Amino acid sequence: MEVRAKKFLGQHFLKDENIARQIAESLTGQTTHVLEIGPGMGVLTKYLHANESLDFHAIEIDSESVVYLHEHYPQLHVIEGDFLALNLAELFSEPFAVIGNFPYNISSQILFKVFDNRNQIPEVVGMFQKEVAERVAAKPGSKTYGILSVLLSAFYDIEYLFTVHEHVFNPPPKVKSAVIRLKRNAVTTLDCDEALFTRVVKIGFNQRRKTLRNALKQLGMGLDNVPEELLGKRAEQLSVAEFVTITNSLTPLNQ
Ligand code: SAH
């Protein structure tokens with residue numbers, strides 16, 4: 001296979017068929033509607049496309065890859081475009097799973113888009129740079145626990161599935177990779193103002209070395225009702241439930 005990888009598109013094509021099959025088989029069938037992000041030369045695509053019970057679509061930004069996919073998989077529904085600009089509600093009226101060996105340069109943006117569309121996306125199986133996969137799957141108290149770990153684990157059960165060595169890609173990336181799975185949990189609402197919750201999480205981690213008492217000053221809200229015990233901690237020590245408690249204890253200033 002001739003490879004004309006375009007670095008700025010995060011193109012690292014998977015060469016190992018076993019790993020490709022393992023990724024495709026990691027979907028647990030939460031829905032039959034599936035969207036692959038960045039199929040490239042179709043190494044994952046062929047396993048998904050072969051499954052006739054799936055309503056399968058792919059979105060790929062690189063026109064040369066799209067031409068290649070049309071030639072090799074004439075039946076495939078491939079959209080040429082940017083996943084980040086895609087109107088998901090227009091594409092599927094039903095909930096759909098997201099899968100891919102993702103372009104690593106936009107990993108966080110893909111995950112924030114999943115978070116924003118969580119009620120439409122019951123499952124995600126994806127390969128990320130290993131550090132990103134670890135961060136998403138991290139638990140409170142670990143050094144890698146961060147904004148995406150809290151936001152996503154509020155609504156998804158997250159599993160670190162397996163690590164992938166750089167030599168199975170062409171060209172090999174500089175970093176190791178890992179596959180994770182996110183399955184939507186039963187939580188429909190967090191019993192708090194969710195927009196404020198997101199701000200609290202972001203502000204807390206933006207100054208992750210500070211205690212929350214100091215980091216949350218930036219919010220411009222009253223902290224008097226927030227339990228002392230939580231204010232003395234740092235963001236990386238808090239569970240989702242504790243962030244909810246903080247959010248519900250904030251008071252408007254000047255009242
Ligand atoms: N899935 C393939 C390719 C992975 S490389 C494989 O495993 O071999 C990442 C792919 O994402 C590339 O094909 C790249 O062109 C595509 N891509 C990069 N940015 C994208 C975006 N914003 N939307 C959709 N596809 C994108």
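The values are calculated or read from the model by the stated rules, or taken from the named source; none is laboratory data. Predicted model, so just to flag it, every value in this text is computed and none were measured. Every residue, glycine as well, gets a Cβ built from its backbone with ideal geometry; the counts of neighbours run over all protein chains shown. The accessibility values were calculated without ligands, DNA or RNA, using every heavy atom of the protein model including side chains. Shrake-Rupley method; radii C 1.70, N 1.55, O 1.52, S 1.80 Å.
Taking Lys174 as the anchor, which lysines have their alpha carbon closer than 19 Å to its alpha carbon, excluding any fewer than eight residues away along the same chain?
Here the lysines satisfying the reach criterion relative to Lys174 are Lys6, Lys7, Lys15, Lys130.
Expressed as an acute angle from 0 to 90° and rounded to the nearest 10, what is the orientation of the C-alpha long axis of helix 63-72 relative to the principal long axis of the chain?
With both axes taken from Cα atoms, the answer is about 50 degrees.
At 222 nm, what value in deg cm²/dmol follows for the chain if DSSP H runs of at least 4 each add -39500 (n - 2.57) and the sum is divided by all its residues, to the nearest 500?
-9000 deg cm²/dmol
Given labels modelled 7 Å from the Cα in the Cβ direction, how far is it in nm from Asp55 to Glu90?
In this crude spin-label approximation the distance works out to 1.8 nm.
Shape of the chain from its Cα gyration tensor (a ≥ b ≥ c, root eigenvalues): rounded if a/c is under 1.5, otherwise prolate when a/b > b/c, or oblate?
The shape class here is prolate.
Nearest 10 degrees is fine. How inclined is helix 107-116 to the longest principal axis of the chain, computing both from alpha carbons?
The angle comes out near 70 degrees.
Which ³J(HN,Hα) values in Hz, rounded to whole numbers, follow from the phi angles of the range 144-158 under the Karplus curve 6.51 cos²θ - 1.76 cosθ + 1.60, where θ = phi - 60° and Gly and Pro get x?
Per residue, the Karplus-derived 3J(HN,Hα) values read 8, 4, x, 4, 5, 4, 5, 4, 6, 6, 5, 10, 9, 8, 10 Hz.
Counting heavy atoms of the protein chains only and a 1.4 Å probe, report the per residue accessible area for the chain as a whole number of Å².
Averaged over the residues of the chain, the accessible area is 48 Å².
Treating only the Cβ of Lys, Arg, Asp and Glu as charged (+1, +1, -1, -1), what charge dipole size does the range 15-56 show about its Cα centre? Round to the nearest 20 debye.
100 debye
Give me, ordered by chain and number, the residues 5 or more places off Leu161 or on other chains with an amide H under 5 Å from its own placed amide H.
Val179, Ile180, Arg181
For the chain, what is the percent of antiparallel DSSP beta bridges, rounded to the nearest 5?
55 percent
Ignoring ligands and nucleic acids, what accessible area does Lys139 show with a 1.4 Å probe (Å², nearest 10)?
Its heavy atoms expose roughly 120 Å² to the probe.
Within the range 79-99, which residues have the backbone N less than 20 Å from the label spot 7 Å out from Ser63 along Cα→beta-carbon, could you tell me?
Hits in the range 79-99 for Ser63 at 20 Å: 79-86.
Toward the positive end of the charge dipole of the chain, about the Cα centre and with charges on Cβ (Lys, Arg +1; Asp, Glu -1), which of Phe128, Thr251, Ile158 goes farthest?
The Cα lying farthest towards the positive end belongs to Thr251.
Tell me the carbon and sulfur percent of the accessible area for the range 119-255, rounded to whole percent, probe radius 1.4 Å.
That fraction is 49 percent.
Each residue of the range 198-211 in turn: what ³J(HN,Hα) in whole Hz from Karplus with 6.51, -1.76, 1.60 and θ = phi - 60°, glycine and Pro shown as x?
Ordered by residue, 3J(HN,Hα) equals 4, 5, 4, 4, 5, 5, x, 7, 5, 10, 5, 7, 7, 5 Hz.
Percent of accessible area on the range 1-113 owned by carbon and sulfur, 1.4 Å probe?
49 percent
With unit charges on the beta carbon (Lys/Arg positive, Asp/Glu negative), name the residue among Gly100, His77, Leu238 whose Cα is farthest towards the positive pole of the charge dipole of the chain.
Positive-end residue among those listed: Leu238.
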